[in-house]
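Student: Could you have a look at this structure, given as C-alpha cells, before my questions?
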Amino acid sequence: MSSEPQKPVRRITAPQIAARKAGEPIVSLTSYHAHTAAIVDKHADFILVGDSLGMVMHGMETTVGVPMDLMIMHGRAVVRGTQRALIVVDMPFGSYEESPNVAFRNAATIMKETQCGAVKLEGGARMAETIHFLTQRGIPVMAHIGLTPQSSHTLGGFKTQGRDEDSWPLHIQDAKAVAEAGAFALVVEGVVEPLADQITRAVDIPTIGIGASKNCDGQILVLEDMLGLGDRPPKFVKVYGNLGAEIERAVSAYAGEVRDRSFPTDDQVYKTKPPQG
C-alpha cells in the first residue's frame, strides 16, 4: 500500500501573523543557531534572530556593538534549521537610523542574504517614515517600542518604561504611528502592564509582549533565558528549564572521567580488525 506524499511545509508569513490580532495568542522565541531553531520551529509561530545574540552568545555588554554581518550569519543558520516558522531578523544599531534609503538597502541585504521573512527595527514615531518606506517597497517590518535595548545608553540602562503615567500618551502615540506606517506586528518590551494593555487595544496589529502583559496578542522570550542558561534572568522571564545546571553536571562528569582515565572506554574507541585465519 503506497502512502500519500506529504504536502510540503509552508512557512508562516508576515500577513498571517498580522491576521492573528485578537485571535489565538502568537508564540515566539529567539534563536541564533540551526539546532535550537529546529526545536523551536515545531512550536513557535515566528522566531526572532535578535541582536540580543551579541550579549547572549558573544559576551557583549549591550546590543549596540552587533554588526550586520553577524546578524546575517546567524540569520542564515536559523533559516537553514527551520521549515515552518516565520523568521524575523533584527536590524542592528546603525543599519537603519540614518535614512529610509539606507534602511532599505540594509534591510534588503538582510532579506536576500538570509532568506528571512521580515526584519525588526526599534523605535516608535521617529521611525514611522522609515517603516512606511520599507513596507511600500516589499520589506515586512516588525516594530519595537517601550524598552528599546539599542537605546540603552540614552535611556540610562535597561529601565522599565511607563512607571510615570504622564509618559503613557507618548508610548501609545509611538504604537499608533508604527501601526499606521505599515508594521505588521509590534514588540512591546519592558513596560508596565496597564500601559501594555492600552497599547494592545489602541492598535489594529498584534502586540508581542516581553515584560509587558498577558493580554498582548503574543509573547516572546530569549530562548537561553527561559532555558536557565543565563546568570540572572530579568524579572519578566519564567525559567522553564535548568539547562545551565545540567550542562555544568555533564561537563564536570566528563572532566572527572578524563582525569581518572575512565573515558574513553572500549565503547568509544576503534579496534583493529582481527587477523583473517
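The values are calculated or read from the model by the stated rules, or taken from the named source; none is laboratory data. Predicted model, so just to flag it, every value in this text is computed and none were measured. Note: ideal-geometry Cβ built from the backbone for every residue, glycine included; neighbour counts use all protein chains shown. Protein only, heavy atoms only, side chains kept; ligands, DNA and RNA dropped before computing areas. Shrake-Rupley method; radii C 1.70, N 1.55, O 1.52, S 1.80 Å.
Student: Just need a number here: residues in the range 239-277 that are surrounded by 10 or more Cβ atoms within 10 Å (Cβ to Cβ) and of a type in the set (D, E, K, R).
Tutor: Adding up the residues that qualify gives 4.
Student: Related question: Going by what's in this entry, would Y254 be described as in a helix (DSSP H, G or I) and of a type in the set (F, W, Y)?
Tutor: yes
Student: Working only within the range 48-71, note down all residues that are open to solvent by 20 Å² or more (accessible area, probe 1.4 Å), farther than 15 Å from T148 by Cβ and not in a loop (DSSP other than H, G, I, E, B).
Tutor: V56, M68, D69, L70, listed by residue number.
Student: Being without any contact (Cβ under 8 Å) to a residue 40 or more places away in the chain and touching a helix residue (DSSP H, G or I) at 6+ places or on another chain (Cβ under 7 Å): is that true of G65 here?
Tutor: When the stated conditions are applied, G65 passes them.
Student: Answer with yes or no whether R10 is in contact with a Pro (Cβ under 9 Å, 6 or more places away or on another chain) and open to solvent by 40 Å² or more (accessible area, probe 1.4 Å).
Tutor: It is false that R10 is in contact with a Pro (Cβ under 9 Å, 6 or more places away or on another chain) and open to solvent by 40 Å² or more (accessible area, probe 1.4 Å).
Student: Considering only the range 208-217, I want to know if a residue exists there that is touching a Leu at 6+ places or on another chain (Cβ under 6 Å), open to solvent by less than 20 Å² (accessible area, probe 1.4 Å), within 17 Å of H43 (Cα to Cα) and in contact (Cβ under 8 Å) with a residue 24 or more places away in the chain.
Tutor: The answer is no, given that none of the residues of the range 208-217 is touching a Leu at 6+ places or on another chain (Cβ under 6 Å), open to solvent by less than 20 Å² (accessible area, probe 1.4 Å), within 17 Å of H43 (Cα to Cα) and in contact (Cβ under 8 Å) with a residue 24 or more places away in the chain.
Student: In the range 111-126, what residues are among the hydrophobic types (A, V, I, L, M, F, W, C), open to solvent by less than 10 Å² (accessible area, probe 1.4 Å) and in contact with an Asp or Glu (Cβ under 9 Å, 6 or more places away or on another chain)?
Tutor: Once the filter is applied, which keeps residues that are among the hydrophobic types (A, V, I, L, M, F, W, C), open to solvent by less than 10 Å² (accessible area, probe 1.4 Å) and in contact with an Asp or Glu (Cβ under 9 Å, 6 or more places away or on another chain), the range 111-126 yields V119, L121.
Student: When you check T154 against the structure, is it crowded, with 20+ Cβ neighbours inside 10 Å, among the hydroxyl-bearing types (S, T, Y) and at pLDDT below 90, yes or no?
Tutor: no
Student: Being open to solvent by less than 60 Å² (accessible area, probe 1.4 Å) and more than 30 Å from H58 (Cβ to Cβ) is the filter here; which residues of the range 14-37 pass it?
Tutor: A18, R20, K21, G23 - these are the residues of the range 14-37 that are open to solvent by less than 60 Å² (accessible area, probe 1.4 Å) and more than 30 Å from H58 (Cβ to Cβ).
Student: Quick check on K176: is it in a loop (DSSP other than H, G, I, E, B) and over 17 Å from the mean Cα position of the chain (by Cα)?
Tutor: no
Student: Separate question: Out of I208, I199, report the one residue that is under 28 Å from A77 (Cβ atoms) and in contact with a strand residue (DSSP E or B) (Cβ under 6 Å, 6 or more places away or on another chain).
Tutor: Criteria check complete, one pass: I208.
Student: Same structure, new question: Please determine whether any residue of the range 181-200 is more than 22 Å from P234 (Cβ to Cβ), open to solvent by 20 Å² or more (accessible area, probe 1.4 Å) and among the charged types (D, E, K, R).
Tutor: no
Student: Tell me which of these R163 doesn't satisfy, since it passes every other one: (1) in a helix (DSSP H, G or I); (2) open to solvent by 30 Å² or more (accessible area, probe 1.4 Å).
Tutor: (1) is the only condition that R163 fails.
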